[in-house]
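The values are calculated or read from the model by the stated rules, or taken from the named source; none is laboratory data. Note that the structure is a prediction, hence the values are computed from the model and not measured. Note that we place each Cβ from the backbone using ideal geometry, even for glycine, and neighbour counts take in every protein chain shown. Protein only, heavy atoms only, side chains kept; ligands, DNA and RNA dropped before computing areas. Shrake-Rupley method; radii C 1.70, N 1.55, O 1.52, S 1.80 Å.
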Amino acid sequence: MRQNSPLHPSILGIIVVLMSCLQGCWLNIPDEIQPVSNFDLHRYMGRWYEIARLNHRFERGIQQVTAIYSLQKDETVRVDHVGFDRTGKRKVLVGKAKLVSDKQIGHLKIAFIKFSLIGHIYGSYVVFHLEPDYSVAMVCGESRDYCLILARKPVLEKKELAKYLKIAQENGFEVDKFIYPSPILVTTPLPDWAAPLAN
């Protein structure tokens, strides 16, 4: 039986170079979007509720979304992304994030997929608005096709939500395309390792 031949080293090298170039593009920041300064990664850790988003393929059809961020010993961030599909089935994604460069700038790279050949494929995670008390955050990716409104509480008042939609609109996002996942009806218990982060 004929076995598949392994890729030639030169082809592997080309693939790695191409993927590295693509990752550079995926870590871009949209024009005229500025990541927040004086960013404190430690304060950003903990549970966030997804209030609104521009829909994207990783979350299509997912409701009641929460994300738990926990700082690891190597200064990377573990991301536990939890939601429920239309049938009520719990969906969990575990990702990894790290600061792109400056520790005080709200620009991270985040990955939920890892390939054996090249490792994690990172995308841009840009915190472009953050309340001083870290109660609400607005995040985008490398383009204006991706945007999140996150909060420490499951629901925002209409007046509060209107404020953040206006900020999104002023930054060039299509607010009429935002979707609003169903709010968390029953708070999902934190895993033991993350419980202290809730305080």
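Quick notes on this one:
- Single residue of Gln72, Gln63 found to be at pLDDT 90 or above, among the polar types (S, T, N, Q) and either open to solvent by 60 Å² or more (accessible area, probe 1.4 Å) or farther than 22 Å from Glu160 by Cβ (or both): Gln72
- Evaluating Leu161 against the criteria (1) in contact (Cβ under 8 Å) with a residue 40 or more places away in the chain; (2) assigned to a strand (DSSP E or B) leaves one unmet condition, (2).
- Among the conditions (1) of a type in the set (Asp, Glu); (2) closer than 19 Å to Ile29 by Cα; (3) at pLDDT 85 or above, the only one that Asp176 does not satisfy is (2).
- Residues in the stretch 25-43 that are modelled with pLDDT under 90 and not aliphatic (A, V, I, L, M): Cys25, Trp26, Asn28.
- The single condition among (1) modelled with pLDDT under 95; (2) within 25 Å of His42 (Cα to Cα); (3) assigned to a strand (DSSP E or B) that Ala195 does not meet is (3).
- With respect to the stated conditions, Arg86 is under 21 Å from Val155 (Cβ atoms) and not in a strand (DSSP E or B).
- Scan of the stretch 75-104 for residues that are among the hydroxyl-bearing types (Ser, Thr, Tyr) and at pLDDT 90 or above, ordered by number: Thr76
- Gly95 touching a strand residue (DSSP E or B) at 6+ places or on another chain (Cβ under 8 Å), open to solvent by less than 50 Å² (accessible area, probe 1.4 Å), farther than 21 Å from Pro154 by Cα and part of a strand (DSSP E or B): yes
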